[in-house]
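Only the coordinates and a few stated rules stand behind these numbers; no lab work does. Just so we're clear, the structure is a prediction, and the values are computed from it rather than from any experiment. Heads up, the Cβs are rebuilt from the backbone with ideal geometry, glycines too, and the neighbour counts pull from every protein chain shown.
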Amino acid sequence: MSTHDSVFLKRFSMIIAFLAVLTIVLIVAAKYLYTFHPTEPNPVTTARVAERLQPVGGVHSGETGAAAIAAAAQAATAAAASQVAFDGSLDGSVIYNGACTACHGTGAAGAPMLTKDAWTARQAQGVETLVKHATEGFQGAAGIMPARGGNPAISDAQIDATVRWMLENLK
């Protein structure tokens, strides 16, 4: 090997070694600087951790006992029943637009839209059955109808008026 080649290899090795050391120094410096950067907690992760930390069960005694829970549930039911939805209106279009159109207007959860094809089999069951399903709730093969459309303040008369309005306004 000539001296020319050995000088070249020596210098080339020094440059490679310098670049490797420089890379390591830059990585260490970046890691050090990153420790000063405040990180924001991920809200999804925080929610999942909070959910996992919830107790599996609970002990209810005294003021938080089963009787107190039952009384609170009964009071909530009575409060909901005392409220009147849609100012007591029996106008089916008002109630439909306020409570029913979210599902029946889009077909969400398998709700039939206001088309004659979607309601032919349902109409054959009779208006009373449809009113009963809307009042008490119903789960069929096509989807689910929550009781009172998910609003416990809607009265029986309002449900009856809305179901009849829907049947009269099929397209």
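The table below gives the values:
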quantity	calculated
Extension gain (nm, one decimal) between THR3 and ALA124, 0.36 nm per residue minus Cα-Cα	33.2 nm
Magnitude of the charge dipole, the chain, Cβ model with Lys/Arg +1 and Asp/Glu -1, debye to 20	880
Segment 85-168, relative contact order in percent, only Cα pairs under 8 angstrom and at least six apart counted	39
Computed lengthening from LEU53 to LYS132, 0.36 nm per intervening residue step minus Cα-Cα distance	24.3 nm
Contour minus Cα-Cα distance for GLN83 and ASN42 (0.36 nm per residue)	10.8 nm
Label-point separation, TYR34 to LYS10 (7 Å along Cα→Cβ), nm	3.9
Per residue convex hull volume, Cα atoms of the chain, in Å³	344
Rounded to 10°, Cα long-axis angle of helix 66-82 versus longest principal axis of the chain	60
Shape call, segment 115-171: gyration tensor on alpha carbons, a/c limit 1.5	oblate
